[in-house]
Amino acid sequence: MSERVIETRDLTKYYGKHLGVSQLNFEVHRGEVFGYLGPNGAGKTTTLRMLVGLLVPTSGGARVFGMDLRKDSLAIRREIGYIPDDVRLFEDLTGEETLRLLESLRPGKPAVFRDELVERFDLDLSRKVSEYSSGNKQKLAIIQAFMHDPRLLVLDEPTSALDPLMRHQFYGLCREFRERGRTVFISSHVLPEMEQICDWVGIIRRGRLATVESVSELSRKKLRNADFTLAAEPEAELLDFKSANLKRTVGLSFQAEIRGDMDSFIKELSRLQVTDLQISHASLEEIFLEFYRDEEDDRP
Amino acid sequence: MIDPELLTYQLKARRRSSLYFSLGLFLWGLLITALYPAVSEVEAFSDYWGQFPENLKNLFGGHEINILKPEGFITLEYYQMFLPIILAAFAFGFAAFCVVKARENGSLEILLTHPMERWKYSLTSFFAISIGLAALTILAVGTVMLVSLVFGVDLSYTGQLRFMLLVFLLVLSLGSISLFASCVARKSGQVYAVGITVLAVAYLVNFLSSTWSFFRYIDYALPYHYYDPYGIMTTAGFPWSSLFYYLATSIAFAVLSVIALQRKDITV
């Protein structure tokens with residue numbers, strides 16, 4: 001197994017009595033892109049802020065590159081590039097001055113990709129940050145996070161202010177870094193894009209980790225959709241499936257949302273005269289929504 | 001101990017504010033010092049001051065002040081109240097900028113995710129405030145010294161230099177208190193509130209202590225007790241207790257700032 005880059009053990013954060021995150025346990029390995037998904041207030045930003053040393057865990061802990069989050073925070077931060085959730089940089093400085101200041105805070109880690117990234121994201125560094133649009137501020141945040149070639153990138157909603165073209169650029173950059181053995185820990189709401197770049201996803205809800213699985217495994221074993229057409233109208237009780245939610249789309253065509261065991265669904269379907277059948281895996285977005293549908297069901 | 005790049009950034013970021021404060025102090029110093037030769041010849045002015053009740057005189061710097069002496073006039077019009085208030089306002093703004101405003105505008109988050117120790121951030125901020133205050137103090141007192149030379153005002157330069165050190169240490173201790181407030185506050189307004197309260201309470205208690213002995217004991221703990229601009233300019237000895245009090249307060253609150261930021265969760 002490849003090197004563990006992040007390893008959390010019962011990582012917990014309370015803000016006074018209010019729960020931030022509770023007992024998080026997950027691992028991220030070298031060269032992986034790990035997507036951290038959840039709605040607003042679920043605890044994504046709290047987790048990321050603990051990993052970069054901005055928040056002190058209430059209990060539990062984490063190791064990053066084998067180093068303890070509390071004791072070795074400085075050494076960990078040497079290896080990290082970070083993009084905050086709400087990008088607000090130094091308004092008084094120009095883009096150039098901002099990058100120079102941040103580069104100076106990493107002695108021995110030159111900004112080797114600075115010029116390449118500036119060109120790639122087409123950013124005018126001579127202007128003051130206060131004059132930048134939110135998209136340009138986001139580009140500057142991306143450049144400062146990637147420019148010194150960090151071994152771990154911790155990115156909190158990094159594409160929220162980018163146009164589609166720049167998002168494409170950004171995800172290309174993440175892939176390149178992954179290919180070079182760098183690790184990316186990213187939170188985002190743009191689920192179709194996460195599906196494209198992530199190897200693993202962790203889904204967090206109400207401060208607790210609901211699941212951590214590989215994207216391909218999650219799609220394979222969780223939710224599936226089946227579209228089928230029948231030869232004739234069946235008896236009503238035959239349409240009462242236990243393994244799936246059935247919805248008539250048009251005429252004799254139906255759509256089934258399969259939950260759990262595929263074998264049970266096939267057996268129930270075999271009682272009918274099927275003329276056409278198409279099974280597809282659910283998108284990450286559908287899986288994500290399914291988790292939160294379960295959460296709604298859990299509520300009293 | 002300090003980060004030179006961060007220090008440069010913090011000083012540079014406050015350059016506009018420093019410029020406005022410098023301009024104001026220069027103009028006020030010029031005006032007050034240039035006025036003295038004319039005012040000193042008006043006997044009615046001295047008589048007017050002499051008619052003040054002692055309590056009221058204490059409010060403006062003490063009944064023993066001789067306003068016919070340049071040191072007395074400048075104390076009354078500038079050094080006793082106006083200069084410390086202006087320098088303290090600069091210190092409160094600078095301290096708020098360094099931590100709580102930096103947290104509000106997101107720059108602290110970016111800086112502290114870089115490999116920089118938090119104690120270094122706090123100490124660098126303390127040094128930046130010290131440098132800013134030192135520059136403004138030199139400018140303020142330097143203006144008085146220079147203008148007194150031009151207008152032939154007979155001021156003791158040694159006294160001015162001793163006063164320069166005293167007022168610098170006073171506002172440094174206030175800056176240090178407000179830096180601590182900045183490290184624990186949630187909003188920048190709270191830093192100004194703490195600073196203004198400390199300054200106002202200290203001044204008021206100092207004034208009340210001249211009338212009611214009860215306040216004398218409280219006054220010993222507060223900064224204005226150790227601030228006597230007229231005394232330091234006109235007597236030979238140096239008030240070592242003032243030096244010790246201000247240095248101890250500045251160092252104590254700088255250390256508390258380091259501890260407070262070290263333990264603080266950085267949220268926006």
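The values are calculated or read from the model by the stated rules, or taken from the named source; none is laboratory data. Only a predicted model underlies this, so the values are computations on that prediction, with no experimental measurement involved. So basically every Cβ, Gly included, is an ideal-geometry build from the backbone, and we count neighbours across all protein chains shown. In case anyone asks, the SASA skips ligands and DNA or RNA and just uses the protein heavy atoms, side chains included. Shrake-Rupley method; radii C 1.70, N 1.55, O 1.52, S 1.80 Å.
Scanning the range A:177-230 for residues that are over 28 Å from A:Ala161 (Cα atoms) and aromatic (Phe, Trp, Tyr) yields one hit, A:Phe228. Within the range A:7-25, restricting attention to residues that are away from chain B (no Cβ under 14 Å) and open to solvent by 10 Å² or more (accessible area, probe 1.4 Å), the residue that is farthest from the chain's Cα centre (by Cα) is A:Lys17. Restricting attention to the range A:88-104 and to residues that are within 7 Å of chain B (Cβ to nearest Cβ) and not acidic (Asp, Glu), the residue that is most open to solvent (accessible area, probe 1.4 Å) turns out to be A:Arg88.
The residues of the range B:38-53 that are open to solvent by 50 Å² or more (accessible area, probe 1.4 Å) and of a type in the set (A, V, I, L, M, F, W, C), listed by number, are B:Ala38, B:Val42, B:Ala44, B:Phe45. Exactly one residue out of A:Leu117, A:Leu153, A:Leu140 is part of a strand (DSSP E or B) and open to solvent by less than 20 Å² (accessible area, probe 1.4 Å): that is A:Leu153.
Checking the structure you have, find out if any residue of the range B:145-166 is within 22 Å of B:Leu27 (Cα to Cα) and in contact with a Lys or Arg (Cβ under 7 Å, 6 or more places away or on another chain). Scanning the range B:145-166 turns up no residue that is within 22 Å of B:Leu27 (Cα to Cα) and in contact with a Lys or Arg (Cβ under 7 Å, 6 or more places away or on another chain).
Going residue by residue through the range A:222-229, is there one that turns out to be at negative phi, over 16 Å from the mean Cα position of the chain (by Cα), open to solvent by 50 Å² or more (accessible area, probe 1.4 Å) and at pLDDT 80 or above? The answer is yes; a qualifying residue exists.
With respect to the conditions (1) assigned to a strand (DSSP E or B); (2) over 22 Å from A:His148 (Cα atoms); (3) of a type in the set (Gly, Ala, Ser), A:Gly81 falls short on a single one, namely (2).
Does B:Phe97 fit the bill of being open to solvent by 10 Å² or more (accessible area, probe 1.4 Å), closer than 18 Å to B:Leu204 by Cβ and among the aromatic types (Phe, Trp, Tyr)? Before the answer, list the steps.
On the way: open to solvent by 10 Å² or more (accessible area, probe 1.4 Å): yes; closer than 18 Å to B:Leu204 by Cβ: no; among the aromatic types (Phe, Trp, Tyr): yes.
No.
Of the residues making up the range B:192-206, at least one is more than 14 Å from chain A (Cβ to nearest Cβ), closer than 26 Å to B:Glu109 by Cα, under 15 Å from the mean Cα position of the chain (by Cα) and among the β-branched types (Val, Ile, Thr).
The residues on offer are A:Gly53, A:Gly41, A:Gly61, A:Gly31, and the sole one that is in a strand (DSSP E or B), within 24 Å of A:Trp200 (Cα to Cα) and not basic (Lys, Arg) is A:Gly61.
The residue of the range B:54-67 that is most open to solvent (accessible area, probe 1.4 Å), among those that are over 22 Å from B:Leu35 (Cα atoms) and either touching a Ser or Thr at 6+ places or on another chain (Cβ under 7 Å) or modelled with pLDDT of 75 or more (or both), is B:Asn55. Residues of the range B:106-131 that are open to solvent by less than 10 Å² (accessible area, probe 1.4 Å), more than 9 Å from chain A (Cβ to nearest Cβ) and of a type in the set (Val, Ile, Thr): B:Thr124, B:Ile129. Residues that are touching a residue at least 24 places away in the same chain (Cβ under 8 Å) and of a type in the set (Gly, Ala, Ser) within the range A:162-219 comprise A:Gly181, A:Ser187, A:Ser188, A:Gly202, A:Gly207, A:Ala210, A:Ser219, listed in sequence order.
Any chance you could count how many residues in the range A:57-82 are open to solvent by 30 Å² or more (accessible area, probe 1.4 Å), in contact (Cβ under 8 Å) with a residue 24 or more places away in the chain and either aliphatic (A, V, I, L, M) or over 22 Å from A:Val112 (Cβ atoms) (or both)? Of the residues in that region, 5 qualify.
Restricting attention to the range B:197-219, does a residue exist that is more than 23 Å from B:Ile85 (Cβ to Cβ) and β-branched (Val, Ile, Thr)?
If we filter the range B:197-219 for residues that are more than 23 Å from B:Ile85 (Cβ to Cβ), which is where we start, we get B:212-214, B:216-217.
Next cut, β-branched (Val, Ile, Thr) only: none.
No, the range B:197-219 has no match at all.
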